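Presented below is the structure to which this report refers.
The values are calculated or read from the model by the stated rules, or taken from the named source; none is laboratory data. Computed from a predicted structure; not experimentally measured. Please note: Cβ atoms are built from the backbone with ideal geometry, for glycine as well, and neighbour counts cover all protein chains shown.
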Amino acid sequence: MIDQLRAQDYVRKIQQIKKEYETVFTTHSRAIHTQFEHDTVIFDEDPLALLIDVKTLKIADLKKIGNQSISSMFGDKSTTLLTLQRYLEGVPAGQVYTLPSTYRVDISSEAYTVMHTDGVDSNIVKFLESNYFYKDENNRDLIHFVKAEDLPAEKKVIIMSATVPVEIYKKLYGDRVQVIDITEVTHTGKITQHTKYSYSRNSLARHTDELNQKLPAYPTITFKSFNKLVQGAAPDM
């Protein structure tokens, strides 16, 4: 009962956040899949791995669903899954394909059954929604597929990354992509590096006294557990 109340409270808060106009800090995945009221979405690093979600499907998993005890739950769709299995078995390896519309059946209502079928660990529901796939050349039972996600429509999306693959984004989103290059940054301060030690936690524990002799009289950012050991450690950072 307590878990149920907590779950209901969690859902209520999620629904409430969707209607907020103040700044919301959330995960990249939720920013992509949730419709917030904000007109601007900012990613603090490249979210491409979520936008182009590459997963795998085992043809053998389709065979398991084809068992009479399971396939009966899919009704007429079980025939489609059986023909899909045969289609994938006959596809040449190493080539990129688009899944024919014949096999794009909606089994989302049976998703729970699929996910909890003994021995099945492929995301079959997602495969049926995929954009492209190819059969592995070294393992002909393995299908790699990709499902491209859209960025929030009609919103300004800002991606702050030093390594963003611009050409891929342009192919995905065309003229929507505008690049602001700020590589020519002028340093106004002075950087001094001491490369004798790594200054990991283990290194700090062994060389704290030597480090303190080198530190200038400025606030120092370090591991929280070393705040009382490192000279001038900033307590809130």
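Of everything listed in (1) on the phi < 0 side of the Ramachandran plot; (2) not in a loop (DSSP other than H, G, I, E, B), the single unmet condition for G174 is (1). Considering only residues in segment 17-65 that are in a strand (DSSP E or B) and over 29 Å from V125 (Cα atoms), the one that is farthest from the chain's Cα centre (by Cα) turns out to be T40.
Of all the residues in segment 38-47, those that are acidic (D, E) and surrounded by 12 or more Cβ atoms within 10 Å (Cβ to Cβ) number 2. Scanning segment 140-169 for residues that are in a loop (DSSP other than H, G, I, E, B) and either within 16 Å of K58 (Cβ to Cβ) or small (G, A, S) (or both) returns R140, D141, A153, S161, A162. Candidates S78, S122: the one that is surrounded by 14 or more Cβ atoms within 10 Å (Cβ to Cβ) and either more than 30 Å from T34 (Cα to Cα) or at pLDDT 90 or above (or both) is S78.
Only a single item in (1) in contact with a Leu (Cβ under 9 Å, 6 or more places away or on another chain); (2) surrounded by 13 or more Cβ atoms within 10 Å (Cβ to Cβ); (3) part of a helix (DSSP H, G or I) is not met by H207, and it is number (1).
Looking across segment 89-119, the residues that are under 18 Å from A60 (Cβ atoms), modelled with pLDDT of 75 or more and touching a Lys or Arg at 6+ places or on another chain (Cβ under 7 Å) come down to V91, A93.
Test E137 against the criterion of being among the charged types (D, E, K, R), under 30 Å from L84 (Cβ atoms), in a loop (DSSP other than H, G, I, E, B) and modelled with pLDDT of 90 or more, and give yes or no. Judged against the criteria, E137 is a match. Flag: A217 does not match the condition of being touching a residue at least 12 places away in the same chain (Cβ under 8 Å), over 30 Å from G90 (Cβ atoms) and surrounded by 15 or more Cβ atoms within 10 Å (Cβ to Cβ). Summed over segment 150-191, residues that are at pLDDT 90 or above, touching a strand residue (DSSP E or B) at 6+ places or on another chain (Cβ under 6 Å) and farther than 19 Å from I52 by Cα total 1. Taking the criterion of being within 35 Å of the chain's Cα centre (by Cα) and of a type in the set (K, R), the residues of segment 188-226 that qualify are R201, K224. For segment 4-16, the condition holds for no residue, the condition being that it is over 23 Å from the mean Cα position of the chain (by Cα), in the same structural domain as I124 (by TED's automatic domain parsing), part of a helix (DSSP H, G or I) and modelled with pLDDT of 85 or more.
Among the numbered conditions (1) exposed (fewer than 13 other Cβ atoms within 10 Å of the Cβ); (2) under 13 Å from L48 (Cβ atoms); (3) not β-branched (V, I, T), the only one that E137 does not meet is (2).
Picking from I59, I52, which residue would you name as being surrounded by 13 or more Cβ atoms within 10 Å (Cβ to Cβ), in contact with a Leu (Cβ under 6 Å, 6 or more places away or on another chain) and among the hydrophobic types (A, V, I, L, M, F, W, C)? Exactly one of I59, I52 is surrounded by 13 or more Cβ atoms within 10 Å (Cβ to Cβ), in contact with a Leu (Cβ under 6 Å, 6 or more places away or on another chain) and among the hydrophobic types (A, V, I, L, M, F, W, C), namely I59.
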